[in-house]
Every structure is written in structure tokens, then in C-alpha cells.
Amino acid sequence: MRPRPGEVLHFSEDPTITEFRPHVAATAQQTEAYVWAVDHARAPDYWFPRQCPRAMAWTAQGTSASDRERILGPGGGQRVHAIEYGWVERFLSGRLFAYRFSADAFRPFGEPVPHAFVASEPVEPLGSPEPVGDLLQLHRGAGIQLRVLDNLWEFWDAVITSTLRFSGIRLRNATARPVRN
């Protein structure tokens, strides 16, 4: 489930939204109110139940061969997503919907490389929300490894100190970091 050219997507578990109004999320790091959406490259970041913590990494220009091998593994493709065992059932049974918008109403957000698109005015979807379908099959079809771990933190710490690009979403919902003795 990716946007078509000239579109951006917003993913939601709520299929009843008819207008998206800018708001400041409780966890926002900025004070401006926005409607959030993503492009083709970042859509896979949202192929999860909303509250599911996930750690993601992918290759980019400048990714070292050793980091690629260490994080992605042999034959590991270009991208890996990791979740915890405690979220597998919700991941497999979750119902997710995609809302399509004209990209014209949005501007890139994030530095130095945009990671999202935002609108400062209310926007209406181009049509009815589309069921995203089987999240596991979406990952498989996109060639994205999906790892299931007891705890995300060791993986996350390896990813953020690597030369891969990365994103962590809803990490506050992850199992607590293991206590080191």
C-alpha cells in the first residue's frame, strides 16, 4: 500500500474519518498543528497498528558493508523492521486503512531529509479509506525483513550507531530496557 504519483497517504485504524484537521499530537516535538502524511518511501513505516513500537533500518548511500552485514545479515535485502513478540498478535490481526490525499496540499517535513509531509489546513481524502490488508504480506511483498524480538533496545542501539538510515516509532510503548549488571 503506497501512494500513487502526486499523492501522499495517512494510515489509520479508524475508517470513518471524512476530514483531517491539523492538530498537535500529545507526543509532538513541535508546537504547530499539522495533518500528517507520508510518501512512497516512508509508507512502510506505518504498516503497523498505530501504537505498535517498531525499530526500522535501511541502506542508503554511505552505508558500510560491515554495517549492512551486521544489521541486515547475509542476503538481508535493503530494509529491516523489528517489533516485539508482545505485539505479534495485534500486528497479524490489526485492521489498518489508508487515506489518499493530493500531495499538493502538503509540504515536506524534517531535516536534513524529510520523513513526512504536513498540511496546515484541513484536508479531505481523495476517496474512501482503503483497507491495507495483510501487514505481513505487505512486508514480504516489499522485500522488507520483519524481525520479532523479545526486546527492541539492543537492536535499536545497534541501528542508531550504524551507517544505515533508521526510524523508531512508538518506542515509548516498547518493553523496558533490560537492566545491565
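Just one of the listed residues (Ser102, Ser64) is in contact with a strand residue (DSSP E or B) (Cβ under 8 Å, 6 or more places away or on another chain) and either under 15 Å from Phe166 (Cβ atoms) or modelled with pLDDT of 95 or more (or both), and it is Ser102. Residues in the stretch 82-99 that are among the charged types (D, E, K, R) and outside any helix (DSSP H, G or I) were compared, and the one that is nearest to Leu72 (Cα to Cα) is Glu84. I'd like the full set of residues that are of a type in the set (Gly, Ala, Ser) and buried (at least 18 other Cβ atoms within 10 Å of the Cβ), limited to the stretch 122-162. Correct list: Ser162 only. Can you tell me which residues in the stretch 64-90 are crowded, with 18+ Cβ neighbours inside 10 Å and within 15 Å of Asn151 (Cβ to Cβ)? Within the stretch 64-90, Ala82, Ile83, Glu84, Trp87 qualify. Only one of the listed residues (Gln145, Gln137) is of a type in the set (S, T, N, Q) and either under 23 Å from Ala28 (Cα atoms) or in contact (Cβ under 8 Å) with a residue 24 or more places away in the chain (or both). That residue is Gln145.
When the stretch 1-56 is filtered for residues that are closer than 24 Å to Ala82 by Cα, of a type outside the set (Gly, Ala, Ser) and out of contact with any strand residue (DSSP E or B) (no Cβ under 8 Å at 6 or more places or on another chain), the ones remaining, listed by number, are Thr27, Gln29, His40, Pro49, Gln51.
Considering only residues in the stretch 14-55 that are in a loop (DSSP other than H, G, I, E, B) and of a type in the set (Val, Ile, Thr), the one that is surrounded by the most Cβ atoms within 10 Å (Cβ to Cβ) turns out to be Ile17.
Take Gln61 and tell me if it is surrounded by fewer than 18 Cβ atoms within 10 Å (Cβ to Cβ), of a type outside the set (Gly, Ala, Ser) and in contact (Cβ under 8 Å) with a residue 12 or more places away in the chain. Against the criterion (surrounded by fewer than 18 Cβ atoms within 10 Å (Cβ to Cβ), of a type outside the set (Gly, Ala, Ser) and in contact (Cβ under 8 Å) with a residue 12 or more places away in the chain), Gln61 does not qualify.
The values are calculated or read from the model by the stated rules, or taken from the named source; none is laboratory data. These figures come from a predicted structure and were not determined experimentally. Positions of Cβ are backbone-derived with ideal geometry, glycine not excepted, and every protein chain shown enters the neighbour counts.
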